[in-house]
Each structure stands twice: as C-alpha cells, then as structure tokens.
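The values are calculated or read from the model by the stated rules, or taken from the named source; none is laboratory data. No experiment lies behind these values; they were computed from the predicted model shown. Note: ideal-geometry Cβ built from the backbone for every residue, glycine included; neighbour counts use all protein chains shown. Surface accessibility is based on the protein's heavy atoms, side chains included, excluding ligands, DNA and RNA. Shrake-Rupley method; radii C 1.70, N 1.55, O 1.52, S 1.80 Å.
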Amino acid sequence: MALDTSWFSEIDDEADSAFSLKIKRKLHEEQSPFQKVEVYETEKFGNLMVIDGFTMLTSRDNFVYHEMMAHPVLFAHPNPKNVVIIGGGDCGTLREILKHSNVEKVIQVDIDEAVTRASEKYFPELCESNDDPRATLLFDDGIKWMQDAADNSVDIVIVDSTDPIGPGEGLFNVPFYQQCRRVLGEQGLLIQQSESPLIHLELLQSIHNAQREAGFATTRSLQFYVMSYPSGWWTGTIAGQGDLTQFRREDAENLNFEALYYNAAVHEASFALPNFLQQALPE
C-alpha cells in the first residue's frame, strides 16, 4: 500500500513494521486470474515488482536472493543435470541455474504468466536466458506438475515461491514435500525459500518439520540478506538425505561465471546460524 503518492510501503502486520521505497512512477498494474501484479520505478532501487501488495524484487538487490536460491543447492549436488523450479516467474533463479554448464534441463513451472511477461518487460536482465535451449517455461499449477512427474526423475527442486498465502500456500506442507521427495533421486535436493528467521520463525520451524515428515532425512537453513524483504534477513531451507553442508568446494572456488554475491566462503558461512536459530531448528 502507498503512504502517499511518492512512496511505496509494504506494511508487515505480523512484525508491526514497514519498509518503504521512494518511487518516481507506476509502470504497470494488472490483475491476473491469480494475483495483482504491479511494477514501480523507484528513485534508488531501480524497478520494483509487487504482488498483492508484497515486495517480490527490486533491480538493485534481487541478485542476492536469486544467487543464494540457486548456487548453494547446485554446488551441494555432485552432478546436477535436471532441475525443476516451482514458481520463479521473474526468471532470475532460472538465469542463475543456467550459468552451470553441467545442467542439461531446467523446467520452470509458475502458475501466473503475468509475472513472467512483466519481468520480460521491466526486468529484462533477469530473462536473458529464457531462450536457452535447456530451459522450458510452463505456466501451470506446480503442485499438480509435481504430482504428475515420474519417480526419481529430477536432481534438484527449487521452490522459488511467493509467501505462503494465495497461490503459494500449497507449497509449504507435507503432501507437497512428499511429492518432491518421490520425484527426486537418492542424491536429490530440495530448496524452499523460507522467509525471515526474525519474523517468521514458527513458519521456518514448520518447514523443517514438514520436510522431515515427508521423508527427507536432513534439513538445513542458510541465511542471506535482502534489504527490500521484511527485516532484511532471509533464508532458504535445503532438504536431502545426507550432509547438506558439504559442497563441491573446488568448483565453487573457481567459478566460471559471474556472481555478485555467491562464492565458496559465502556458501560455507551461510550455514553458520546464530544461537537462537540453532536452538529453534532441528539438528
């Protein structure tokens, strides 16, 4: 919601807090069959995409989120070839995945085509790999797609979803994670964006519990910082069967692509959690 004509503010009722960006003008507004998509031009953060009043990304700081949702889980897998993104309509995570030359196929399943079309127009840098022959963009229900997918057919599932309300609500529960577990091979990994540990700790705990109940032996959260998200402190939660902190360090130390945030040291450090999170989350 806007406080006045020159500011966009996202008010977080759960934390009784707000984050605001000064805007120049509104570039786009669309009510899709699923949600309201808006894009603003801001003074200092480039373009801003808002879905149902919640900040999704800005030009200035989206690289942190997209890199950390893609590279840690990809380097944690010994040889990821087939990747599925559930959500991810802005295509930034897709772009990061396709920087990995060993990846042979990426399917992105987002229910709302309006998000991708707005991203193509207002965030073209995020969509520069959309025509990569390894990429398939589907506009469909990610939950149904996962139910229909073959057993052991995917190496990595990345749930790059909106908050657990509206279209994203069904991506945070045991039945969905059970389908992910079935579709992933024994070395397969799942990562789910898991909100702010400062504001949404109960949700973060419920994600760990649901993933383990669904059959994943191990879950670990990694942390990173995105100024435009509530509290500025965000997490992704990885689920698998082994030690999720192990990764292909040599490959991560010798990146053959550009990364503005991710590196091997950041990868390792992102799993170092403060005491209250160590106490709140399962070992």
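Observations
- Projected over every direction and averaged, the convex hull enclosing the alpha-carbon atoms of region 64-147 yields 5.3 nm².
- Take the Cβ atoms of Gln279 and Phe54, set R0 to 22 Å, and the FRET efficiency comes out at 0.15.
- One compactness figure for region 96-140 is 1.16, namely its Cα radius of gyration divided by 2.2 N^0.38 Å.
- Taking every protein chain into account, the accessible area of the chain amounts to 43 square angstrom per residue (probe 1.4 Å).
- Calculated FRET efficiency for the pair Gln147/Glu186, C-beta based, R₀ 22 Å, to 0.05: 0.60
- Note on Ser20 and Asp243: the extension gain reaches 76.4 nm, defined as 0.36 nm multiplied by sequence separation minus the Cα-Cα distance.
- The number of Lys pairs in region 1-126 with C-alpha atoms less than 18 Å apart, excluding pairs fewer than 8 positions apart on the same chain, is 9.
- Mean shadow area of the chain over all directions, Cα convex hull, nm²: 13.5 nm²
- Label positions at Glu43 and Leu260, each projected 7 Å from the Cα along the C-beta direction, are separated by 2.1 nm.
- Cα-based Rg of region 1-112 normalised by 2.2 N^0.38 Å, two decimals: 1.24
- Theoretical FRET efficiency, 1/(1+(r/R0)^6), r = Cβ-Cβ of Gln31 and Glu250, R0 45 Å, to 0.05: 0.40
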